[in-house]
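Have a look at the structure below before the remarks.
The values are calculated or read from the model by the stated rules, or taken from the named source; none is laboratory data. In this text, all values refer to a predicted model and were calculated from it rather than measured experimentally. Here the Cβ positions follow ideal geometry from the backbone for every residue, glycine too, while neighbour counts run over all protein chains shown.
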Amino acid sequence: MSFFYHFGRYILFIRGLFSKPEKFWVFKERMFQEMQSIGVGSIGIVTIISVFVGAVTTVQTAYQLVSGLVAKSIIGTIVSDSTMLELAPTITCLVLAGKIGSSIASEIGTMRVTEQIDALEIMGINSANYLVLPKILAGMIVIPMLIIIAIFLGISGGIIAGKMAGILPVEEFMKGARGSFKGFTVFFSCTKAVTFAFIITSVSAFQGFYTYGGALEVGQSSTKAVVYSAVLILFSDYILAQLLL
Amino acid sequence: MIEVKNVYKSFGDKKVLDDVSATFYKGKSNFIIGSSGSGKSVLMKCMVGLEQVTDGSILYENRDFTHLDYNAKKEIRKEIGMLFQGTALFDSLTVEQNIEFPIKMFSKMTSAERLERVNFCLQRVNLSNVNHLFPSALSGGMKKRVGIARAIALNPQYLFCDEPNSGLDPLTSRVIDELIREITIEFNITTIINTHDMKSVFDMGDNIIFIWQGKKWWQGTRKDIRSSGNKELYDFMKAYDIENM
């Protein structure tokens, strides 16, 4: 029963977000601030993760393909396809759920327990629309951009590792990657990124928005935001794969 | 003028407000007093719409706030200023941005006009050279003053003050009291102060409502509070007098 209660409350929360902003230019300003915070603020961690995931995938794929009957260019195919289909969107978004999700939940949760959200409501401002909608829209715009960067860096990491470890030359890697490339793979990756972005931002904001108590509860909301976002990302990852592939 | 008519409020089975009726007058300092847990904070939250009443009505100049839709309530809320117990200043904004916030959201003033209004409000609460400070850099008394400045930024018709003296030393408390009284008279607004600081009540109480166990137990002025003949009110005042002997 608790699941249905929280799910119903989440749906009502999402419905409550959609109202006309008091001032469109204030809303736009906030959205750009959030885009900078979510996007630019996450480039560092996305770069590190993507390069290493791409590199490790190349080394491990080479380790498993010991047969001389298989062309080495297949490593490029496997690394680029798995990076686009799964590794870049899912791994990156799981990490972003930790970084952005906890930040959103603790920011909004702190605003709730220090009555800042009440202050907005008393002024006649739809607090959810003002605080949360810019975060969700900003996330849905910049996270797919981060995923595109992650794909590029992941494949680059794979190329570098392949060359440095003497597994396969750059040309061979690129031959495999190019040979199997389908535009739909990038579309699928972006679809995942938009879905995961919505999950991370909305679930975390929801957890923060309904925080009651003090510092302890803010911490708990932050933890819940990360855990629920991660579980929902994995669940929706499977659903999207079933539906679109 | 605000009229509270036969208001009931329950949380589950627990009745917090029981048939409370009271009138709060324009240009007067209206006090809600009572011991902790008596229901005075809940009454104030119901009046500003942060809590829904279980039954009864709250009228702002004959406009029934309790039965209005969200947008109509929003219009009344724009006429309300509130000083929160913990000030509820937006901690990511500077003092200037905090006071400018409601003006930015609800007026068509230019940037220069907004700054002029912010400086007027700051001057009115006797603060200077704090425009670019963040709330975390202010003392408790200064935060309260900034809270008052933000509350009066849009020339409200109604000013709600929740425990305005909590956490302040006696001297600063008197300064804040005096400021609230001056603003009430100067702008001819309906001020409602929720407190258990009897010194404030004896100094400024034009209209006092004593809440006891969720019921309105007594209403009068500071002139007749000591001769009310009400045992519970007498006990409440006696406790204060003993503490302050």
Q. So which of B:V118, B:V130 is crowded, with 22+ Cβ neighbours inside 10 Å and over 14 Å from the mean Cα position of the chain (by Cα)?
A. B:V118
Q) Is there a residue in region B:47-54 that is more than 17 Å from the chain's Cα centre (by Cα) and more than 14 Å from chain A (Cβ to nearest Cβ)? A) yes
Q. Could you say whether any residue in region B:27-44 is in a loop (DSSP other than H, G, I, E, B), crowded, with 20+ Cβ neighbours inside 10 Å, within 10 Å of chain A (Cβ to nearest Cβ) and not β-branched (V, I, T)?
A. no
Q: Just give me the residues in region B:48-77 being out of contact with any strand residue (DSSP E or B) (no Cβ under 8 Å at 6 or more places or on another chain), buried (at least 19 other Cβ atoms within 10 Å of the Cβ) and assigned to a loop (DSSP other than H, G, I, E, B), in sequence order.
A: B:G49
(Q) Tally up the residues in region A:97-144 that are among the acidic types (D, E) and in contact (Cβ under 8 Å) with a residue 60 or more places away in the chain, please. (A) 1
Q. Taking helices (runs of 4 or more DSSP H) that do not extend beyond region B:101-209, which have at least 3 residues that are not assigned by TED's automatic domain parsing to the domain that holds B:S35 and not β-branched (V, I, T)?
A. B:111-124, B:140-151
Q) Inside region A:138-156, can you point out the residues that are surrounded by fewer than 20 Cβ atoms within 10 Å (Cβ to Cβ) and over 12 Å from the mean Cα position of the chain (by Cα)? A) A:I149, A:F152, A:S156
Q.
Going residue by residue through region A:31-54, is there one that turns out to be buried (at least 21 other Cβ atoms within 10 Å of the Cβ), within 27 Å of A:F206 (Cα to Cα) and within 14 Å of chain B (Cβ to nearest Cβ)?
A. yes
Q | Restricting region B:85-130 to residues that are of a type in the set (G, A, S) and within 14 Å of another protein chain (Cβ to nearest Cβ), the residue that is farthest from A:S127 (Cα to Cα) | A | B:S111
**Q.** Meets criteria (loosely packed, with under 15 Cβ neighbours inside 10 Å and assigned to a helix (DSSP H, G or I)) for A:I199
**A.** no
Q | Number of positions in region A:114-136 that are in a helix (DSSP H, G or I) and touching an Asp or Glu at 6+ places or on another chain (Cβ under 8 Å) | A | 5
**Q.** Count of residues meeting criterion [within 14 Å of another protein chain (Cβ to nearest Cβ), without any contact (Cβ under 8 Å) to a residue 12 or more places away in the chain and part of a helix (DSSP H, G or I)] in region A:1-25
**A.** 4
Q. Which of the residues spanning region A:85-115 are under 22 Å from A:Q36 (Cβ atoms), surrounded by fewer than 24 Cβ atoms within 10 Å (Cβ to Cβ) and either within 14 Å of another protein chain (Cβ to nearest Cβ) or of a type in the set (A, V, I, L, M) (or both)?
A. A:V95, A:S103, A:S106, A:E107, A:T110
Q: Could you tell me whether region A:58-76 includes any residue that is in a helix (DSSP H, G or I), of a type in the set (S, T, N, Q) and within 22 Å of the chain's Cα centre (by Cα)?
A: no
